[in-house]
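To keep things clear, I will list the structure first and then write my remarks on it.
The values are calculated or read from the model by the stated rules, or taken from the named source; none is laboratory data. A quick note: this is a predicted structure, and the numbers were derived from the prediction, not measured. Neighbour counts are summed over all protein chains in view; Cβ atoms, including those assigned to glycine, are modelled from backbone coordinates with ideal geometry. Calculation scope for accessible area: heavy atoms of the full protein, side chains included, ligands and nucleic acids excluded. Shrake-Rupley method; radii C 1.70, N 1.55, O 1.52, S 1.80 Å.
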Amino acid sequence: MNPRMTRDQLLRRGAAGITLLSVPGLLAACGGGGGSQSSSKVNDVLNFSNWPYYMDTPQTLAKAGVHKPTTLQQFEKKTGIKVNYYEDVNSNPEYFAKVQGPLSHGKGIGRDIIVSTDNDRFLGEYISNHWAQKLDKSLIPNIANLIPAQQHPPFDPNRDYSLPWASGMDGIGWDEKLTDPVTSVKQLFEDPKLKGKVGVWNSMGDTLGLVMLENGDDPSHVTDSSFNRAIARVQKAKNSGQIRSFYGNDYATHLSTGDLAATMAWSGDIANLADPKLHWAVPEQGGIIWTDNMIIPLGGSVPTASTYMNFMYEPKISAQWAVGANYISSVTGVKPGAEKLDPKAAENTLTFPTAKTLSQMHQNDPAMLNNSDYNKKWLAVQGQ
Amino acid sequence: MGGFFHRHRGVTPYLLLAPGILWLGIFFLVPMGFLGYQSLQSGIFPDFRFTWEFSNFSTALTDYHQQLIRSFVYAGIATVACLLLAYPLAYWIAFRAGPWRNLFLLFIVAPFFVTYLVRTLAWLNILADQGPVVRVLRDVHILAPDGRLLATTFAVISGITYNFFPFMALPVYVSLEQIDPRLLEAAKDLYASSFQAFLRVTLPLSAPGIVAGTLITFIPAAGDFINAALLGTPNQQMIGNVIQAKFLESLDYPGAASLSFILMGTILVMLLVYARIVGTEKLTG
């Protein structure tokens, strides 16, 4: 055999090989790095993706009159695990779109914990596609402090894959300078004085949940007819010009500037806007409660993430977090803990809703959230 | 090396082209291939299968022809508005601004120092129902007492016009600026009035700028979704909003991919017709 030929062949094959290899390689490089390797040992770093304004900070704690290190600082000191805290979840669908590529190829996304809301279809997608890893409950003895209402959610009946981060409520917010109190969806959709100054959410579970309650239908068990009734009611209010538009979190801006007189609104937002002219109430027919859940995506370190979850389920810690972040905790014994830290914060009914308010709360039907036909109809109402 | 290029002169252009072609290949052709492949898939997320599903295209057209037509109407109106606003301005800067030329050009480009999203968000405050603009317009009875500017067709088209204005103004300016003033003098020497000189000399010589400006305004404007999302309502949704919602909300990747191709195809056909009418030499300047 001619040795020159061999070298030529080698070079040619090598070049072809490199070309073939480098295209997917380049594409993978564009998709961002992989996650930390799964193993049974606790890492010294925790990568955590969450929504903005969802954590106690030195400023929010000082405002609440609490002079302690933040819960993140306490965790780092106690365990020696450094937390990289990313506030990079801005909407459930957007975050999902960003990470589903690598997850669907069984790759990590460089995160140990991510947060997703239970009244959108995406939390269910992570779990049913096996993109979330099982929690290591042996490292989470504090799971015993999870409130009973959160122990058996339909998307994860035994809490094998997820734990609540925080909850909030769907209700109606209004501007007292522009309207009388708005306390029902009927009033929101039919009061002629509100025409063109009404906002609703662009997320199906939130908006249709409140409309179903107004219709006397059960948002936790949706049928084709109750779904169609709700859609028709929204469509009618949209066609008549009563509804100005469909909003994400930006409804809060429009409520502040006076473009909206009344709008469907999340409990925590109105509290955080801290504007005396803005009010919030649970509609007379009831509201929807939703919960953001922590999950461990593929590639994330289960022991490290579980260690953090256990820390946050310490009632004292969760109480400090609730006082600093102004959201509802799912940990028992938080209220007495918060009273010890700051009696005034414990009186905030948005952070600590009364038993009466909680009894008016309902949850979305996951079957509705995952129904692609329903999703299509919902987008069609929005002109999409 | 010099010897090599000398001996293989034919190769040099290809070598110079190579980086550009590589770039286009990796960042345009490969994604286009993926998109085309995806547009012919069927199934429900995440289990899409390639099945030559051409019905994706017909379904997309049936369901969303309204938004598609609306996109071209909005983009068309905005392009014409940009041209009507930009031409006199560019003319003035090119022929009358003298030493201040560069300053005025800077004014045109200045909004670009702020990101697209923030520029559009600013209009939310300027046009707010309780804001100064709406209040004045109500006081002088141009707007009804409960009238508004935000969340209207007017707001969306104005937003597009505002955001794409420099794309029109700069090419028109460049073509006007290159006109030799002696040609205009010659026209006047031959007894042309100012208007005739403009019509017979200035306008034809600035045509390449107009054509280029029209294209780079119209094409991205037709695919825009920010202005409709922020300044509009469901009644103003454009095809970009539908594609965005299909990719991010309903996870209908094949539907979104086929709509993207329909948008590209329609623009391409319009471009060919346009090129036929105005002549290709103007497209290339």
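Within region B:50-68, take every residue that is exposed (fewer than 13 other Cβ atoms within 10 Å of the Cβ) and within 14 Å of chain A (Cβ to nearest Cβ) and give me the one that is farthest from B:Ser206 (Cα to Cα).
It comes out as B:Thr62.
Residues checked against (1) of a type in the set (Phe, Trp, Tyr); (2) surrounded by fewer than 15 Cβ atoms within 10 Å (Cβ to Cβ); (3) assigned to a loop (DSSP other than H, G, I, E, B):
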| residue | (1), (2), (3) |
| --- | --- |
| A:Val42 | no, no, yes |
| A:Leu46 | no, no, no |
| A:Tyr54 | yes, no, yes |
| A:Gln74 | no, no, no |
| A:Lys98 | no, no, no |
| A:Gly106 | no, yes, yes |
| A:Arg111 | no, no, yes |
| A:Ser116 | no, no, no |
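Looking at region A:179-201, can you tell me whether even one residue there is part of a loop (DSSP other than H, G, I, E, B), closer than 17 Å to A:Trp290 by Cβ and touching a helix residue (DSSP H, G or I) at 6+ places or on another chain (Cβ under 7 Å)?
no
Going by what's in this entry, would B:Pro166 be described as more than 14 Å from chain A (Cβ to nearest Cβ), part of a helix (DSSP H, G or I) and surrounded by 23 or more Cβ atoms within 10 Å (Cβ to Cβ)?
Values: more than 14 Å from chain A (Cβ to nearest Cβ): yes; part of a helix (DSSP H, G or I): yes; surrounded by 23 or more Cβ atoms within 10 Å (Cβ to Cβ): no.
So B:Pro166 fails the test.
Looking at A:Asp365, is it more than 22 Å from the chain's Cα centre (by Cα) and of a type in the set (Asp, Glu)?
On the way: more than 22 Å from the chain's Cα centre (by Cα): no; of a type in the set (Asp, Glu): yes.
It is false that A:Asp365 is more than 22 Å from the chain's Cα centre (by Cα) and of a type in the set (Asp, Glu).
Residue pairs, Cβ under 6 Å, 6 or more apart or interchain, first in region A:305-324 and in the same structural domain as A:Asp136 (by TED's automatic domain parsing) and under 20 Å from A:Pro353 (Cα atoms), second among the β-branched types (Val, Ile, Thr) and in a helix (DSSP H, G or I). List them.
A:Pro315/A:Val334; A:Ile317/A:Thr71; A:Ser318/A:Val334; A:Ala319/A:Val334; A:Gln320/A:Thr71; A:Trp321/A:Thr71; A:Ala322/A:Val334; A:Gly324/A:Thr60
Could you please let me know if B:Tyr274 is of a type in the set (Phe, Trp, Tyr) and farther than 22 Å from B:Ala78 by Cβ? Can you show your working first?
Details: of a type in the set (Phe, Trp, Tyr): yes; farther than 22 Å from B:Ala78 by Cβ: no.
So B:Tyr274 does not fit the description; no.
Here is a list: B:Ser194, B:Ser206. Which entry is touching a helix residue (DSSP H, G or I) at 6+ places or on another chain (Cβ under 9 Å), open to solvent by 30 Å² or more (accessible area, probe 1.4 Å) and more than 14 Å from chain A (Cβ to nearest Cβ)? Full working, then the answer.
On the way: B:Ser206 fails: open to solvent by 30 Å² or more (accessible area, probe 1.4 Å).
Among B:Ser194, B:Ser206, only B:Ser194 is touching a helix residue (DSSP H, G or I) at 6+ places or on another chain (Cβ under 9 Å), open to solvent by 30 Å² or more (accessible area, probe 1.4 Å) and more than 14 Å from chain A (Cβ to nearest Cβ).
I'm checking my understanding of the structure. Among residues of region A:350-384 that are surrounded by fewer than 17 Cβ atoms within 10 Å (Cβ to Cβ) and of a type in the set (Ser, Thr, Tyr), which one is farthest from the other protein chains (Cβ to nearest Cβ)?
The extreme case among them is A:Thr354.
With the structure loaded, tell me whether A:Thr207 is within 14 Å of chain B (Cβ to nearest Cβ), of a type outside the set (Phe, Trp, Tyr) and within 29 Å of A:Arg229 (Cβ to Cβ) or whether it fails that test.
Numbers: within 14 Å of chain B (Cβ to nearest Cβ): yes; of a type outside the set (Phe, Trp, Tyr): yes; within 29 Å of A:Arg229 (Cβ to Cβ): yes.
Against the criterion (within 14 Å of chain B (Cβ to nearest Cβ), of a type outside the set (Phe, Trp, Tyr) and within 29 Å of A:Arg229 (Cβ to Cβ)), A:Thr207 qualifies.
Consider region A:84-106. How many of its residues are away from chain B (no Cβ under 14 Å) and out of contact with any Phe, Trp or Tyr (no Cβ under 6 Å at 6 or more places or on another chain)? Full working, then the answer.
Keep residues of region A:84-106 that are away from chain B (no Cβ under 14 Å), which gives A:84-88.
With out of contact with any Phe, Trp or Tyr (no Cβ under 6 Å at 6 or more places or on another chain) added as a condition, the list becomes A:84, A:86-88.
Residues flagged as away from chain B (no Cβ under 14 Å) and out of contact with any Phe, Trp or Tyr (no Cβ under 6 Å at 6 or more places or on another chain) within region A:84-106 amount to 4.
Within region A:136-183, can you find the residues that are over 19 Å from the mean Cα position of the chain (by Cα), open to solvent by 20 Å² or more (accessible area, probe 1.4 Å), under 24 Å from A:Tyr126 (Cα atoms) and of a type in the set (A, V, I, L, M, F, W, C)?
Those that are over 19 Å from the mean Cα position of the chain (by Cα), open to solvent by 20 Å² or more (accessible area, probe 1.4 Å), under 24 Å from A:Tyr126 (Cα atoms) and of a type in the set (A, V, I, L, M, F, W, C): A:Leu139, A:Ile143.
Which condition breaks for A:Ile289 when tested against (1) in contact with a strand residue (DSSP E or B) (Cβ under 6 Å, 6 or more places away or on another chain); (2) surrounded by 23 or more Cβ atoms within 10 Å (Cβ to Cβ); (3) under 21 Å from A:Lys137 (Cβ atoms)?
(3)
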